[in-house]
Amino acid sequence: MQLTDGPSIFSMNVNKDMFSIGQTLTETMGNRKEENVKELKKGQRIAFIATFVTFMLAVMKGAIGYLFDSKILIADAFHSGVDLLAIFACWFGLWMASRKKSARFPYGLYKAETLVSLIVGALIAWAAIELLQEGYYKLSSVTHPRAFPVLPVTASIISIIAAYFIAKKEKAVGTAINSQSLIAKASETFLDIFISLVVLTGILLAYARIPFIEGFIIILISLLILKLGIKNIWTSLLVLMDANLDPELQSEIEEKINNIYGVKGVSEVRIRQSGPLKMVECKIATSPSLSLYKAHELADTAEDFIMKNYKHIESVFIHVEPSRDKAVSAIIPVKDINGLDSIVHGHFGRAPYFIIVRLGTDNTEIEDFYYNEFLHETKHAGIKVIKAVIKYKIDVLFTSRIGEISFYMLKNNFVDIYKAEEGLSVREIIGRYRNNQIERILLPTHSAEEAQAGN
């Protein structure tokens, strides 16, 4: 195949690969949005079930408390009523969050769930204050039931069992879909179990005419609930103000993206919590000589990696900018191992050794020497060398000749290729490069057929 001025099959494959990555990313984001809607609907279902069960418990405890003149059971029924409002608010928030995006709300209504989580926290704090007052009242009042309170005790036991199963389901679904309001409600429901135990203890202590311990325990539990409510309010406010709530995830994403070949630095990773989902923005640096379509492909690769590896990230925006790091890693095929005085070999794939150097602003540092273990291969030795040295994150190759396949393979891996005269030393080549006296190789020096034996 003769090399022409038109696009080769390798450059056309690059465009096809870029289209394929972009198409894959679009499909990934589309599938992710469908999954997110399904998960939000799971949350709605459990919130609806919890609403119904809590309503039945509140009615049962209120009716029995009224019939048997059990003030503490009536107070617990009031607390269940507050729970009912909180669960309904949770369901409403998840329902709002699952609505489709619109021109007025282009980012969706995910933060409706966070707003409702704030309301849930306020309701928890309110319930804690009410319970605190009830505990204070119990410290100074004495009741004298005449018969053993069978129905109030039964109602309390049923409430404990129901709260346990509701809390487990809320926590499981809330964790699975990363729903703040559902997780917050699960935490409160677990505390409801202890409150119901306190109520049961209070009923029994009232029957035994020992009310002071009952009041003390109720006050203690109410303070714990108040702490939980304040925590939920504070967390919701931080989310609404776009605070960074997951620095570990931020560091992890930065590290993972920085390991993608072609990325020369990652900065300003920002994670925005939006209801049960997260949105990520970051900047990546790459070679200043990178073409527009290759920079776009690199951004798509980073976005696709994040979307595939982090379930609760709804969208990713990557901004690409040229690297400001003036230090580059260069590889040069050489005939011998003699430091910077090593002599440049005339063919990339057939060089016995490769020197890898780090070129800083004012210094040159030898990173490694690589022995060409594919020197005696009959075909495509250059391609095998590239696969072996790609781990060094090479920025520049200096060579006198390079075949078509190796050329496009290196270009696809973000490597700039410069002309190096055979017989010169590495030191001389680097000096010419620093003085802008060396030309860039923009096309392969020979065709794939000519390089088939060695490349």
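The values are calculated or read from the model by the stated rules, or taken from the named source; none is laboratory data. Nothing here was measured: the structure is a model prediction, and the numbers come from that model. Cβ atoms come from the backbone with ideal geometry, glycine included; neighbour counts cover every protein chain shown.
Here are some residues: I390, I438. Which one is modelled with pLDDT under 85 and either touching a Lys or Arg at 6+ places or on another chain (Cβ under 7 Å) or not aromatic (F, W, Y) (or both)?
I390
Considering only residues that are in contact with a Lys or Arg (Cβ under 9 Å, 6 or more places away or on another chain) and within 22 Å of I417 (Cβ to Cβ), look in the range 292-321 and name the one that is modelled with the lowest pLDDT.
Per the stated criteria, the residue is K294.
Residues of the range 367-419 being closer than 15 Å to A351 by Cα, out of contact with any strand residue (DSSP E or B) (no Cβ under 8 Å at 6 or more places or on another chain) and not charged (D, E, K, R), which ones?
Within the range 367-419, F374, L375, H376, T378, H380, A381, I383, I386, S406 qualify.
Quick one: I271 ticks every box in (1) assigned to a helix (DSSP H, G or I); (2) within 11 Å of the chain's Cα centre (by Cα); (3) closer than 30 Å to L123 by Cα; (4) of a type outside the set (D, E, K, R) except a single one, so which number is it?
Here I271 clears every test but (1).
Out of K61, K71, K42, report the one residue that is modelled with pLDDT of 70 or more, within 25 Å of the chain's Cα centre (by Cα) and in the same structural domain as L132 (by TED's automatic domain parsing).
Only one candidate passes the filter, namely K42.
Quick check on my filter: what residues within the range 141-178 are at pLDDT below 80 and of a type in the set (A, V, I, L, M, F, W, C)?
V142, A147, F148, V173, A176, I177
Considering every residue within the range 198-209, establish whether at least one is under 40 Å from the mean Cα position of the chain (by Cα) and of a type in the set (G, A, S).
no
Conditions tested, residue by residue: (1) touching a residue at least 60 places away in the same chain (Cβ under 8 Å); (2) assigned by TED's automatic domain parsing to the domain that holds F68; (3) acidic (D, E).
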| residue | (1), (2), (3) |
| --- | --- |
| A184 | yes, yes, no |
| T189 | yes, yes, no |
| I193 | no, yes, no |
| I221 | yes, yes, no |
| E255 | no, no, yes |
| V263 | no, no, no |
| A285 | no, no, no |
| P288 | no, no, no |
| L292 | no, no, no |
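Residues are listed down the side, and each one gets a yes or a no for (1) part of a loop (DSSP other than H, G, I, E, B); (2) within 23 Å of E254 (Cα to Cα); (3) among the polar types (S, T, N, Q); (4) touching a residue at least 60 places away in the same chain (Cβ under 8 Å):
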position: V266; (1), (2), (3), (4): no, yes, no, no
position: M307; (1), (2), (3), (4): no, yes, no, yes
position: V316; (1), (2), (3), (4): no, yes, no, no
position: F348; (1), (2), (3), (4): yes, no, no, yes
position: R358; (1), (2), (3), (4): no, no, no, no
position: T361; (1), (2), (3), (4): yes, no, yes, no
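Yes/no matrix, rows are residues, columns are (1) within 30 Å of A176 (Cβ to Cβ); (2) surrounded by fewer than 18 Cβ atoms within 10 Å (Cβ to Cβ); (3) in the same structural domain as F414 (by TED's automatic domain parsing):
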position	(1), (2), (3)
D300	yes, no, no
V334	no, no, yes
G346	no, yes, yes
Y353	no, no, yes
T364	no, yes, yes
A381	no, no, yes
S400	no, no, yes
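Hey, T378 hits all of (1) part of a loop (DSSP other than H, G, I, E, B); (2) within 30 Å of G275 (Cβ to Cβ) but one; which does it fall short on?
T378 satisfies every listed condition except (2).
Which condition number does V415 fail, the rest of (1) surrounded by fewer than 19 Cβ atoms within 10 Å (Cβ to Cβ); (2) without any contact (Cβ under 8 Å) to a residue 40 or more places away in the chain; (3) β-branched (V, I, T) being met?
In the conditions (1) surrounded by fewer than 19 Cβ atoms within 10 Å (Cβ to Cβ); (2) without any contact (Cβ under 8 Å) to a residue 40 or more places away in the chain; (3) β-branched (V, I, T), V415 misses (1) alone.
Out of the residues in the range 236-258 meeting the condition of being in a loop (DSSP other than H, G, I, E, B) and more than 20 Å from A302 (Cβ to Cβ), tell me which one is farthest from the chain's Cα centre (by Cα).
Looking at residues that are in a loop (DSSP other than H, G, I, E, B) and more than 20 Å from A302 (Cβ to Cβ), I get M241.
I'm told D336 meets every condition in (1) part of a loop (DSSP other than H, G, I, E, B); (2) within 20 Å of the chain's Cα centre (by Cα) except one. Can you identify the failing condition by its number?
(2)
Which one is surrounded by the most Cβ atoms within 10 Å (Cβ to Cβ), of the residues in the range 214-235 that are within 19 Å of I160 (Cβ to Cβ) and over 27 Å from the mean Cα position of the chain (by Cα)?
Selected residue: I218.
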